[in-house]
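The values are calculated or read from the model by the stated rules, or taken from the named source; none is laboratory data. Everything numeric here is computed off the predicted structure, so don't read it as measured data. Don't worry about glycine lacking a Cβ; one is built from the backbone with ideal geometry, like all the others, and counts go over all protein chains shown. Calculation scope for accessible area: heavy atoms of the full protein, side chains included, ligands and nucleic acids excluded. Shrake-Rupley method; radii C 1.70, N 1.55, O 1.52, S 1.80 Å.
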Amino acid sequence: MSRIFYVNGSFVDEQDAKISVLDRGFLFADAVYEVCSVLNGKLIDNRAHLARLHRSLGELSMAAPCSDEEIVSTQRRLLELNSINEGLLYLQVSRGVADRDFSFPANPSSSFVMFTQQKNLMDNPAAKNGIRVISLPDIRWKRRDIKTVGLLAPSMAKQQALDAGANDAWMVEDGFITEGTSNNAYIVRHDKVIQTRHLGQEILSGITRDAVLRFAREAGYKVVEEPFTVDQVKTASEAFFTSASAFVTPVVGIDGVEIGSGKVGRVAIQLRDVYLETALEREEL
Ligand SMILES: Cc1ncc(COP(=O)(O)O)c(C=O)c1O
């Protein structure tokens, strides 16, 4: 069955899901996006994702395409049309179509698209086995707090990691890890201290990060929001990453060195379980 896409007010088949060549998202990466997971047909942390969407739009002086109520009803309809019970919902807003010019158009009309991906998120081998990362220089732009579609640098880093036989890259700037190519990075020290980089323009403020740090504090862990080095990862008791699509996933090696026991960490699994239990139990937000 072919997928139904949402494009500027219409639900259409994939072959009709089209955007102009002059769209500024295509020419300048002048677009922002969000990815939200779907579990048991529910959009997880959707309100927080929409809040971050508004922040990204605001930082780029871009208008929202419609009200949040309209966005949510469109999201629900798209999930229904594609019978998505578990998977992802992607949405993107660009500044719209204008003749190619670096300056922003005077009266832009945004382009708004959404699509779904059916996927097993909960039953993911990476959660059972952990993943291995390599460290690479962070060559991204300096406003990583804005969730734009300018993703070539992390895409190159991910490919470099795969080519090296690893699963992902943790990027390094000024000697400290910023984050993963599409996730936030953490180490656990002495089994009871969870350390992750502080928020700022150097990293994306992860929606999953926010929830997981809250659960970690509630579970009695000490949370330290400070950057860490590759050497600190190598000597940590465990490491993990968070993202909306992978929740909490253990990291068992970096640059060919095993982290802790080299096996999936207890803290990562505990936090993954709490995150998923809460997401499944509570009403859609
Ligand atoms: C660079 C980057 N950091 C962190 C994250 C994790 O954010 P979230 O938990 O909101 O998915 C993402 C998600 O796409 C990302 O691209």
Next on the checklist: Give me a comma-separated list of calculated 3J(HN,Hα) values for region 10-16, in order, Karplus coefficients 6.51, -1.76, 1.60 applied at θ = phi - 60°, integers in Hz, x for any Gly or Pro.
Outcome noted: 10, 9, 9, 5, 3, 5, 9
Item to check | In Å², nearest 10: area of Trp141 left accessible to a 1.4 Å probe | outcome: 130 Å²
Next on the checklist: Give me the 1.4 Å probe accessible area per residue for region 149-217, excluding ligands and nucleic acids, in Å².
Outcome noted: 43 Å²
Next on the checklist: Can you give me the accessible area per residue for region 4-118, using a 1.4 Å probe, in Å²?
Outcome noted: 47 Å²
Checklist entry - Based on the Kirkwood radius over alpha-carbon pairs, what value in µm²/s does the Stokes-Einstein equation return for the translational diffusion coefficient of the chain at 25 °C and 0.890 mPa s? => result 124 µm²/s
Checklist entry - Val72 to Met122: FRET efficiency via 1/(1 + (r/R0)^6), r the Cβ-Cβ distance, R0 35 Å, to the nearest 0.05? => result 0.90
Checklist entry - How big, in percent, is the set of alpha carbon pairs in region 125-281 lying more than 20 Å apart? => result 43 percent
Item to check | Solvent-accessible ranking of Tyr186, Tyr221, largest area first, probe 1.4 Å | outcome: Tyr221, Tyr186
Item to check | Solvent-accessible area per residue, Å², over region 237-285 with all protein chains present [probe radius 1.4 Å] | outcome: 40 Å²
Checklist outcome for this item: Heavy-atom accessible area of Ser182, protein chains in place, probe 1.4 angstrom, given in Å² to nearest 10, is 90 Å²
Checklist outcome for this item: Any lysines whose Cα falls less than 19 Å from that of Lys234, other than same-chain ones fewer than 8 residues away, would be Lys192, Lys263
Checklist entry - Of all accessible surface on region 4-118 at a 1.4 Å probe, what whole percent is carbon and sulfur? => result 50 percent
Next on the checklist: Which lysines, if any, have their Cα less than 25 Å from the Cα of Lys42, not counting same-chain residues under 8 positions apart?
Outcome noted: Lys119, Lys128, Lys147
Checklist entry - What part of the accessible area of region 135-285, given as a whole %, is carbon or sulfur when the probe is 1.4 angstrom? => result 52 percent
Checklist outcome for this item: Computed from the beta carbon distance with a Förster radius of 51 Å, FRET efficiency for Thr235 and Ala64 to the nearest 0.05 stands at 0.65
